[in-house]
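> Provided herewith is a single structure, encoded as structure tokens, for subsequent inquiry.
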Amino acid sequence: MVRAEKAPEVIVFDMDGVLVEVGQSYREAIRETVKHFTGQTVSHDEIQDFKNAGGWNNDWLLSQRLISDRGKKVEYAEVVEYFNQIFLGENRDGLIRRERWMPRKGLLERLGERATLAIFTGRAKYEADATLERYADGIRFHPLITDESVKNPKPAPDGLQLIQQEHPEKEIWYLGDTVDDAQSAQSAAVPFIGVSTPHNPRHMEIAQILREFGAFAVLEDINELEALIQETDRVGS
């Protein structure tokens, strides 16, 4: 476990499950993609099992794996094409419209007054941009690290290392909701805060897994971050 020595000077957010609730967007796109190619329904629990195991941050690859597990062979490019068709839709009117932005009004603005905000996500840039333009158009994230930014995706630390290069000698915290996020932070020696929201019926299990993989704190909601930072300030003063 990498413990926070002081309050963060750079706050790095994962997107899905941290800034955005994606149970009815990305997770549903996985289910709909698998059903399209196999005629079979994937449970939310089966998807969560893969996420908890680690190594399945890429939802396109996970969709292909779930299709393969059901006896069908579909090329990766075909999986990506169908997934994006239903996720993004013709004009960003697909399942992406079901996303829910989780930070309360003013939270990111207040955090941005005391720290640099950044993002490290496994999303493609066009997917990240679509959500950020809709919900956080006035918020500056520097840098915004997406799938195209790194040679090796999570759980590799490449994205966090790029952020460390941008902000040398700064105290960096990373917030994520999966084992891959936790392992990436651990490899980069960055303090990790888990997020496990109660809307997931397995959130207690997920919270425990994140602690086991090095989270020094686990929040039920991104809006609890301010209190954690204030507590860190008090302990360090």
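> Which of Glu224, Glu75, Glu171 ends up with the largest GNM mean-square fluctuation for the chain, with Cα atoms connected below 10 Å?
Sorting by GNM fluctuation, first place goes to Glu75.
> Mark the label point 7 Å from the Cα of Arg104 along Cα→Cβ and return the residues of segment 160-198 whose backbone N is within less than 18 Å of it.
196-198
> For the chain, set up a Gaussian network in which alpha carbons nearer than 10 Å are linked by springs, and say which option among Asp158, Asp181, Asp69 fluctuates the most.
Sorting by GNM fluctuation, first place goes to Asp69.
> Can you pick out the pairs among Lys35/Lys72; Lys105/Lys154; Lys125/Lys154 whose Cα atoms lie more than 23 Å from each other?
Lys105/Lys154
> Which value in Å is the Kirkwood Rh of segment 157-237 over different Cα pairs? Walk me through the intermediate numbers first.
Working: mean 1/r = 0.0756 Å⁻¹.
Evaluated over segment 157-237, this radius sits at 13.2 Å.
> I've got another one for you. Within a 10 angstrom radius of the beta carbon, how do Lys105, Lys154, Lys72 rank from fewest other beta carbons to most?
Ordered by Cβ neighbours within 10 Å, fewest first: Lys105, Lys72, Lys154.
> While we're looking at this one, here's another question. Anyone know which of Asn58, Asn91, Asn152 comes out most mobile in the 10 Å Cα GNM of the chain?
Comparing Asn58, Asn91, Asn152 in the GNM, the peak value goes to Asn91.
> As a footprinting exposure proxy, order Glu212, Glu99 by other Cβ within 10 Å, with the fewest listed first. The partial results should precede the final answer.
Numbers: Glu212 11, Glu99 21.
Lowest count first: Glu212, Glu99.
> Next question, about the same structure. Over all alpha-carbon pairs of the chain, lay out the pair-distance distribution in 5 Å bins, whole %, shortest bin first.
Distribution as computed: 1, 7, 14, 19, 20, 18, 11, 6, 3, 1, 0, 0 percent.
> Size of the dipole of the chain about the Cα centre, Lys and Arg at +1 and Asp and Glu at -1 on the beta carbon, nothing else charged, in debye to 20?
Taking the Cα centre of the chain as origin, the dipole is about 220 debye.
Bear in mind these aren't lab numbers, they're just calculated from the coordinates by the rules spelled out. Because the structure is a prediction, the values reported are computed rather than measured. Don't worry about glycine lacking a Cβ; one is built from the backbone with ideal geometry, like all the others, and counts go over all protein chains shown.
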